[in-house]
Amino acid sequence: HGVKQPRNPWSDGPEFVTQCPIQPGTNFTYQVILSDEIGTLWWHAHSDWTRGSVHGAFVILPAPHETYPFHPPDADQTIILESWYNDDYLELIRNSTLDGQAVGIPNAYAINGHLGDTYDCNDTIFRMEVNYQDTYLLRIINAAMNEEKFFSIANHTLIVVAQDASYVTRFATDYIMITPGQTMDVLVHANQNIGQYYMVMRNFHDSAASSNNNLTTAIFRYKNSVGGPRSNASLVSLPEPDDSNATSSFLSRIRNLRVRQNPPLRVPRAIHRRVYIAISTNSIPCTNDSVCVTEERFVAALNNVSFVFPVIDILQAYYKRSINGVFTKDFPLEPPEYYNFTGDLTILNRNVTMGTKVVMLNYGEAVEIVFQATQFGAGGSHPFHLHGFSFYRVGSGSGNFNNVTDPKSYNLVDPPLINTVHVPASGWVALRFFANNPGVWFSHCHFERHSSWGMDTVFIVKNGGTKATSIRPPPASGMPVCSGA
């Protein structure tokens with residue numbers, strides 16, 4: 001997740017987009033090609049809901065002749081924020097698909113696989129042992145299935161130094177907000193009285209959908225300390241679960257850092273291709289092959305198109321050219337109808353088209369994508385991820401995007417370079433990048449329930465005019481075989 005894989009979509013991973021699933025009893029070796037990433041990323045399965053338990057950190061350390069753009073920490077620690085279901089992930093999504101309803105909320109949440117001490121279970125709590133006056137680099141990953149997270153450490157200041165494998169201008173904060181898919185590097189100075197302090201996370205939740213907003217805990221423990229934590233977990237300074245102002249305030253402070261360790265800052269100015277995408281959750285009549293609980297089933301859509309995963313992967317069909325009927329090149333570049341996206345939509349019912357529609361980009365084009373959240377369904381914010389690229393988050397705002405006035409507020413000086421972005425509820429976010437990575441690249445909401453319902457699309461970047469600007473050949477050992485091939 002977040003490795004650009006230059007010209008190498010063959011090892012990108014999402015099922016039925018760049019490959020077929022790896023069948024039981026078989027194997028596939030990925031070739032991970034790094035380019036300008038530095039810091040913390042992660043890896044996860046991309047088949048059904050298996051990423052819920054099949055994931056881990058992917059850390060790119062400074063090269064031998066390089067260092068961090070800050071005083072080197074005394075140690076580092078990976079912190080993975082996770083969802084916990086008592087049921088099998090595959091069964092959860094199968095049953096949800098069959099009955100047309102949403103997967104239930106998690107039974108709990110975990111930090112590095114441990115549920116902490118706020119749930120009625122016999123699990124242990126994750127403890128991070130620290131030395132007094134040492135500085136630690138926390139590599140925080142949100143691997144939760146459907147939840148954005150607030151995170152804090154009692155009585156300690158967090159210094160944010162990187163996001164999504166790119167360094168940012170350092171700033172101090174009492175908490176962070178991190179979306180599913182994102183990574184964040186944070187410095188913590190162990191400068192408090194020797195003792196044990198809670199690390200706490202809970203959901204940021206701003207939609208009408210149900211949520212488990214319990215606190216989940218871990219321990220930041222000084223060596224030689226005795227006794228329990230010095231404060232109750234509920235007293236740790238965290239925003240309320242629906243505090244949108246805390247989220248927007250935190251995100252507005254993230255700025256690109258001009259240092260040699262980062263990719264050179266190259267924000268597109270003259271835009272060749274604009275894509276305006278309205279995000280919605282919808283419902284459609286239940287089909288005969290399902291056993292729906294109600295007469296309708298949930299779907300999700302981008303510009304009224306709900307993505308349908310094919311039975312032969314899109315990359316294979318595109319590369320071979322001889323396989324037809326897998327996808328079409330007509331994803332709408334703007335909503336088919338304009339209305340008050342962020343108003344009261346309870347009496348409206350947008351027609352949803354089911355299809356495998358992709359966006360075609362020419363090599364080297366300067367691209368702007370504006371994601372517009374709508375109030376359809378439960379509303380709320382969305383974390384959107386684009387494979388194959390990092391992009392600049394140049395602007396964000398509330399209400400309906402205005403293509404005349406809102407671009408005047410863009411930050412084209414030091415926008416953060418990220419691969420997963422928070423789209424605010426009843427608002428919009430603008431991204432820019434150069435289409436300089438030929439291949440087939442998945443874009444999707446990183447709320448797994450929304451992606452499963454069709455809140456996805458694919459960007460195909462055409463080859464340039466040279467071998468060095470064209471997709472690499474497929475691996476000689478072959479790709480996993482689709483059952484529908």
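The values are calculated or read from the model by the stated rules, or taken from the named source; none is laboratory data. Small disclaimer: the values here were computed from a predicted structure and weren't measured. Note: ideal-geometry Cβ built from the backbone for every residue, glycine included; neighbour counts use all protein chains shown. Calculation scope for accessible area: heavy atoms of the full protein, side chains included, ligands and nucleic acids excluded. Shrake-Rupley method; radii C 1.70, N 1.55, O 1.52, S 1.80 Å.
Among residues other than residue 269 whose Cβ falls under 15 Å from its Cβ, what is the net charge (Lys/Arg +1, Asp/Glu -1)?
On the way: positive: 266, 273, 274, 408, 432; negative: 365, 368, 414.
Value of the local net charge: +2.
At a 10 angstrom cut-off on C-beta neighbours, averaged per residue, how do the peptides 187-198, 367-378 rank from highest to lowest? If you can, show how the numbers build up before the last one.
Numbers: 187-198: 18.2, 367-378: 22.0.
Going from most to least packed, we get 367-378, 187-198.
What does the highest-first list of 456-466, 434-444 look like by mean Cβ count within 10 Å? Present the calculation step by step, with values, prior to reporting the outcome.
Details: 456-466: 18.8, 434-444: 24.1.
Most protected by this proxy first, the peptides run 434-444, 456-466.
Can you tally the net charge around residue 168? Count Lys and Arg as +1, Asp and Glu as -1, for every other residue whose Cβ sits under 12 Å from the Cβ of residue 168. Show your work: numbers first, answer last.
Values: positive: 170, 253, 255, 258, 393; negative: 164, 185, 414.
Every neighbour counted, the sum reads +2.
Around residue 394, under 14 Å between beta carbons, what's the net of Lys plus Arg minus Asp minus Glu among the other residues?
Working: positive: 255, 266, 269, 274, 393, 408, 432; negative: 368, 406, 414.
Combined, the nearby Lys, Arg, Asp and Glu give +4.
Compare the Cα positions of 351, 327, 106 along the charge dipole of the chain (+1 at Cβ of Lys, Arg; -1 at Cβ of Asp, Glu; about the Cα centre) and return the one farthest towards the positive end.
327
Enumerate cysteines in the chain without a disulfide-compatible partner, where compatibility requires another Cys Cβ under 4.7 angstrom.
121, 445
If I model a spin label as a point 7 Å beyond the Cα along the Cα-Cβ vector, how far apart are those points for residue 75 and residue 194 in nm?
Result for the modelled spin labels: 1.5 nm.
Using +1 on the beta carbon of Lys and Arg, -1 on that of Asp and Glu, and nothing else charged, what's the dipole of segment 273-469 about the Cα centre, debye to 20? Provide the component values of the computation, followed by the final result.
Numbers: 14 positive and 14 negative charges, 138 e Å.
Around 660 debye, computed over segment 273-469.
How far is helix 89-99 tilted off the main Cα axis of the chain, in degrees rounded to 10, range 0 to 90?
For 89-99 against the chain, the angle is about 50 degrees.
I'd like to check one number: the per residue accessible area of segment 273-469, probe 1.4 Å, reported in Å² as a whole number.
38
Can you flag which of 320/462; 4/329; 329/462 are past 18 Å Cα-Cα?
Values: 320/462 14 Å; 4/329 23 Å; 329/462 12 Å.
Those over the limit are 4/329.
Treat every Asp and Glu Cβ in the chain as -1 and every Lys and Arg Cβ as +1, leave all other atoms uncharged, and give the resulting dipole magnitude about the Cα centre to the nearest 20 debye. List each step's numbers first, then the result.
Values: 33 positive and 41 negative charges, 370 e Å.
Dipole magnitude for the chain comes out near 1780 debye.
Extending each Cα 7 Å along its Cβ direction at residue 309 and residue 66, get the distance between those two points in nm, one decimal.
Roughly 3.4 nm, to one decimal.
Answer with one residue from 482, 93, 438: the one whose Cα lies farthest towards the positive end of the charge dipole of the chain, charges on Cβ with Lys, Arg +1 and Asp, Glu -1.
Farthest along the dipole direction, towards plus: 438.
At 222 nm, what value in deg cm²/dmol follows for the chain if DSSP H runs of at least 4 each add -39500 (n - 2.57) and the sum is divided by all its residues, to the nearest 500?
Working: 4 runs with 33 residues, N = 485.
Helices in the chain give a 222 nm mean residue ellipticity of -2000 deg cm²/dmol.
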